[in-house]
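Working notes, beginning with the structure itself.
The values are calculated or read from the model by the stated rules, or taken from the named source; none is laboratory data. The structure presented is a predicted model; accordingly, all values stated were derived computationally and were not measured. Counting neighbours? That spans all protein chains shown, and the Cβs are built from the backbone with ideal geometry, glycine included.
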Amino acid sequence: MGSPGSLVIIFVLIACSAFFSVAEIALASSRRLRLRQLADDGDLRAEEVLRVQAQPGSYFTVVQIAQNMVAILGGVVGEGVLTPAIAAVLRHVLAPPAADVAGFALSFLLITTAFILFADIVPKRLALANPERLAVRVLAPMRLTMSLLRPVVWVFKALTESIFRVLGVTENRDDSITSADILAMASAGAQAGVLQVRAQQVIENVVELDTRTVESAMTPRSRLVYLLQEDDEALVRARIAAEPHSTYPVCDGNIDRVVGLVDAADLFARMLREEPLVLRGEGAQGLLQKVLMIPDRLTLSEVLAQFRQAHEDFAVIVNEYSLVVGVITLNDVMSTVMGSLVGPGDEEQIVRRDDGSWLMDGLTPIGDVVRALGADAADLPQRGQYDTLAGLLMVMLRRIPRRTDRAQWAGFRFEVLDVDSCHIDQVLVTANPRPASPLTGSDVAKS
């Protein structure tokens with residue numbers, strides 16, 4: 001065959017190889033969620049691509065057979081058509097043996113470059129840019145090729161499945177989506193600009209509802225405002241005026257004996273009607289409501305389920321010894337989801353200062369601390385045994401922190417600024433100029 005015909009064959013082989021490269025990458029990179037959207041919109045080809053993705057063995061076998069056949073044919077044809085022509089030109093400046101060798105080398109280089117560039121790199125990048133659109137378009141010719149090569153495909157597929165069985169590996173594609181996948185997609189969307197950073201934070205907080213315990217969002221026992229059944233009317237009025245809330249737990253004698261709760265609106269209504277504020281006996285009828293009690297090891301998503309089941313928005317949290325550790329409301333959970341979107345009357349738990357340091361409340365959830373610092377939660381010492389920054393400091397210091405105590409973790413220094421009794425009010429967090437590994441014995445210091 002003459003040179004023009006051989007060149008045409010080479011171009012056809014490059015085009016065929018490019019087609020199979022597109023078919024391979026398009027199917028492998030197509031997102032099932034996007035294909036499902038196309039199928040729901042009426043594109044039947046997308047439904048067929050989904051079925052092929054579920055069992056892709058024959059599809060990829062055809063791709064590999066075809067690509068190897070095309071590559072071999074391209075090498076044979078290219079060597080035969082280009083080597084003589086290049087060698088003839090080189091004989092004007094080189095000896096015939098050297099010209100033949102150089103002609104073969106240049107022919108091999110040109111053919112290989114053409115196949116790598118136009119049959120591999122360019123088509124694969126195009127397929128990665130829009131895999132779903134190309135996957136539905138190449139499916140029909142791929143099905144035809146699969147039918148033509150069915151006997152060969154059957155042999156290679158049987159051999160491949162035998163190898164997989166020997167190795168104990170499954171070829172079924174795992175399309176399950178984990179919470180880590182969702183977080184990764186949200187992060188990628190924020191970086192690409194298609195998702196607002198604030199929306200990304202909300203998504204992360206929603207996903208974390210399954211891992212964050214109720215203690216990370218509750219009002220702790222030390223800050224709990226409650227009423228006693230034996231309180232007289234003057235004391236009840238004074239406490240409501242001093243610390244106004246929408247709901248008050250009512251206790252019998254002490255905080256660990258919660259007998260119910262009272263709504264502030266009901267108290268105000270009685271005040272307006274000039275009725276006595278009595279929290280015990282017959283005078284409490286219609287005023288004292290049943291209280292929802294939940295254990296302290298529930299996750300926030302489980303708390304939401306409890307609220308939905310009981311049709312309540314307020315719960316008292318108790319530990320395994322039946323001692324009250326705090327209270328939580330539906331608004332507390334929603335505030336956790338909204339993250340930094342606090343109301344005008346709320347005080348942020350994390351404040352970034354002008355010098356780049358942070359002021360943090362001791363009750364700041366550890367997830368918010370890790371996110372603000374850009375640290376890796378996997379490096380947390382004794383991870384899972386605490387929910388707040390105060391808990392982290394107790395673990396690192398191995399005692400109740402005192403004012404001016406300092407600890408090092410993940411390249412940051414934590415200094416306790418203010419302690420009220422045993423409660424850590426404020427912690428100053430600064431970037432450590434010297435590298436710090438995850439917690440070691442020398443990382444903890446006291447000034």
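Things worth noting here:
- If you go through region 293-322 and pick out every residue that is at pLDDT 90 or above and either of a type in the set (Lys, Arg) or within 18 Å of Gln229 (Cα to Cα) (or both), you end up with 2.
- From the options Gly391, Gly411, Gly367, residue that is in contact with a Pro (Cβ under 9 Å, 6 or more places away or on another chain) and not charged (D, E, K, R): Gly411
- If you go through region 238-255 and keep only what is within 17 Å of Gln285 (Cα to Cα) and in contact (Cβ under 8 Å) with a residue 24 or more places away in the chain, you end up with Thr247, Pro249, Val250, Cys251, Asp252.
- Looking across region 22-42, just one residue is surrounded by 16 or more Cβ atoms within 10 Å (Cβ to Cβ) and not in a helix (DSSP H, G or I), and that is Ser30.
- Only listed residue being within 21 Å of Ser107 (Cβ to Cβ), part of a helix (DSSP H, G or I) and of a type in the set (Phe, Trp, Tyr), chosen from Phe19, Phe60, Phe11: Phe11
- Subset of region 379-398 that is at positive phi and not polar (S, T, N, Q) - its residue that is surrounded by the fewest Cβ atoms within 10 Å (Cβ to Cβ): Arg398
- Ala46 being touching a residue at least 60 places away in the same chain (Cβ under 8 Å) and either loosely packed, with under 13 Cβ neighbours inside 10 Å or not assigned by TED's automatic domain parsing to the domain that holds Val136 (or both): no
- Considering residues of region 175-192 that are over 21 Å from Leu35 (Cβ atoms) and surrounded by 10 or more Cβ atoms within 10 Å (Cβ to Cβ) only, the residue nearest to the chain's Cα centre (by Cα): Leu183
- Meets criteria (touching a helix residue (DSSP H, G or I) at 6+ places or on another chain (Cβ under 9 Å), surrounded by 11 or more Cβ atoms within 10 Å (Cβ to Cβ), not in a helix (DSSP H, G or I) and not charged (D, E, K, R)) for Leu195: yes
- Test: Leu298 is surrounded by 16 or more Cβ atoms within 10 Å (Cβ to Cβ), out of contact with any Pro (no Cβ under 6 Å at 6 or more places or on another chain) and either assigned by TED's automatic domain parsing to the domain that holds Val202 or under 14 Å from Val214 (Cα atoms) (or both): yes
- The set of residues in region 133-147 being touching a residue at least 40 places away in the same chain (Cβ under 8 Å) and of a type in the set (S, T, N, Q) consists of Thr145 alone.
- Leading residue by the ranking (surrounded by the fewest Cβ atoms within 10 Å (Cβ to Cβ)) among those in region 85-132 that are farther than 25 Å from Leu27 by Cα and in contact (Cβ under 8 Å) with a residue 40 or more places away in the chain: Ala85
- Among (1) closer than 30 Å to Met338 by Cα; (2) modelled with pLDDT of 80 or more, the one test that Ser179 misses: (2)
- Apart from one condition, Ile240 fits all of (1) within 28 Å of Asn319 (Cα to Cα); (2) part of a loop (DSSP other than H, G, I, E, B); the exception is (2).
- Filter result for Leu94 (modelled with pLDDT of 75 or more, in a loop (DSSP other than H, G, I, E, B) and over 18 Å from Ser17 (Cβ atoms)): yes
- Within region 302-334, if we keep just the residues that are of a type in the set (Gly, Ala, Ser) and either in a loop (DSSP other than H, G, I, E, B) or in contact with a Ser or Thr (Cβ under 9 Å, 6 or more places away or on another chain) (or both), the residue that is surrounded by the fewest Cβ atoms within 10 Å (Cβ to Cβ) turns out to be Ser322.
- For Leu279, the stated conditions do not hold, so it cannot be described as part of a helix (DSSP H, G or I), in contact (Cβ under 8 Å) with a residue 24 or more places away in the chain and crowded, with 16+ Cβ neighbours inside 10 Å.
- Scanning region 270-284 for residues that are under 20 Å from Tyr226 (Cβ atoms) and out of contact with any Lys or Arg (no Cβ under 8 Å at 6 or more places or on another chain) yields Arg270, Val278, Leu279, Arg280, Gly281, Gly283, Ala284.
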